[in-house]
Amino acid sequence: MRLAFPVKQNIVVVWKHFNSLKFLFTILQANFFMRLLFACLLISSSLFSKAQKVVKYYDAGWAAVAQDKAVYYADFIKEGNVYKTFSYWITGNILRGKSTFADTIMESPIGMQVLYARNGHVEDSSFYADGKTQYLFHYYPNNQLAMHYYLPANAKEPTIEGYDEDGKKIKNYVFEKEAEFKGGQKAWQSYIAKSATRDLGIKGDGDLNATVQIQFIVDGDGNVSAAKVLQSSGYKEIDKDALRVIRESPLWNSAVQFNKPVKAYRVQPFTYSLADKKK
């Protein structure tokens with residue numbers, strides 16, 4: 001009996017069909033691994049991006065605080081050896097500023113820094129190089145120039161020019177000045193020495209001294225307020241006495257910024273002597 005087609009030809013057709021399926025399977029397998037690799041790269045990229053981003057929260061005076069007490073927050077995004085920084089008001093998530101820092105504690109600005117008012121207008125524009133402010137422009141809410149600070153080439157001291165809202169120069173303009181106890185630093189140290197309780201009768205566990213750090217605010221009128229323990233001594237009596245000294249402080253000379261009195265944050269350490277527990 002004759003076959004409809006030769007057996008040899010049938011084998012060849014089946015073999016070709018098998019090779020086609022094998023080729024298709026190879027393509028599908030390669031496609032699967034390519035998709036898997038792409039997914040892994042996406043996940044890796046996402047994890048890397050998250051690892052390079054730091055978020056911090058701040059109060060109205062730009063002191064670091066917990067998220068639930070924050071007025072601002074800042075995103076620090078690592079790019080090479082610097083952090084591109086974007087700050088925002090918590091309420092409304094409105095852009096507050098754009099800047100670049102060498103760290104995430106805002107102590108080493110680099111290049112252009114811009115601060116915005118809530119309405120989006122530029123409030124401050126500055127440029128930093130070699131750790132120094134090269135220039136700074138400060139504006140009124142109506143965009144009128146309020147102050148121009150710049151460091152001339154080869155100069156050690158900056159030139160500062162302040163203007164009123166009519167554009168006229170202000171004599172004896174004060175760009176910024178730290179809050180100061182009336183009488184200066186020596187008078188402040190004398191006040192602390194006289195006011196702090198010398199002998200609280202606390203016995204230490206092998207230590208001869210205990211130190212507490214108190215943070216406080218000097219407001220625009222020179223009053224001291226919002227005193228709190230920033231770093232405890234480990235002894236309630238010592239922390240309480242240091243708080244008392246700060247809260248009873250006489251008036252200060254307020255801090256000044258852009259020729260106006262402003263509140264300032266200060267930190268004061270207190271070191272107390274402890275009695276020997278063995279005696």
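Values for this structure:
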{"item": "Positive minus negative residues near Ser249 (Lys, Arg vs Asp, Glu; Cβ under 11 Å)", "result": "+3"}
{"item": "Column: log10 I(q)/I(0), Debye, Cα scatterers of the range 138-252, q = 0.21, 0.22 Å⁻¹", "result": "-1.14, -1.20"}
{"item": "Percent breakdown of C-alpha pair distances by 10 Å bin, ordered from the shortest bin, for the range 197-279", "result": "18, 40, 24, 13, 5, 1"}
{"item": "Global form of the range 101-174, assessed from the alpha-carbon gyration tensor, a/c cut-off 1.5", "result": "oblate"}
{"item": "Euclidean distance between Cα centres, the range 108-165 to the range 72-102, Å", "result": "18 Å"}
{"item": "Residues whose placed amide H lies under 5 Å from that of Asn253, excluding near-sequence neighbours", "result": "Glu180, Phe181, Lys182"}
{"item": "The range 115-170: GluC sites (Glu not before Pro) in DSSP loop, at most 12 other beta carbons within 10 Å", "result": "Glu165"}
{"item": "The range 216-263: C-alpha gyration tensor shape, a/c 1.5 cut-off, then a/b vs b/c", "result": "prolate"}
{"item": "Prolate/oblate/rounded call for the range 95-139, Cα gyration tensor, a/c under 1.5 rounded", "result": "oblate"}
{"item": "Reduced Cα scattering model of the range 66-221, Debye log10 I(q)/I(0), q = 0.10, 0.16, 0.18 Å⁻¹", "result": "-0.61, -1.13, -1.24"}
{"item": "Net charge, Ile170 excluded, C-beta distance under 10 Å - Lys, Arg +1, Asp, Glu -1", "result": "+1"}
{"item": "Relative contact order [Cα under 8 Å, 6+ residues apart], the range 87-209, whole percent", "result": "10 percent"}
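Every number here is computed from the coordinates shown, using simple stated rules; none is lab data. As the structure is a prediction and not an experimental result, all values here were calculated from the model. Don't worry about glycine lacking a Cβ; one is built from the backbone with ideal geometry, like all the others, and counts go over all protein chains shown.
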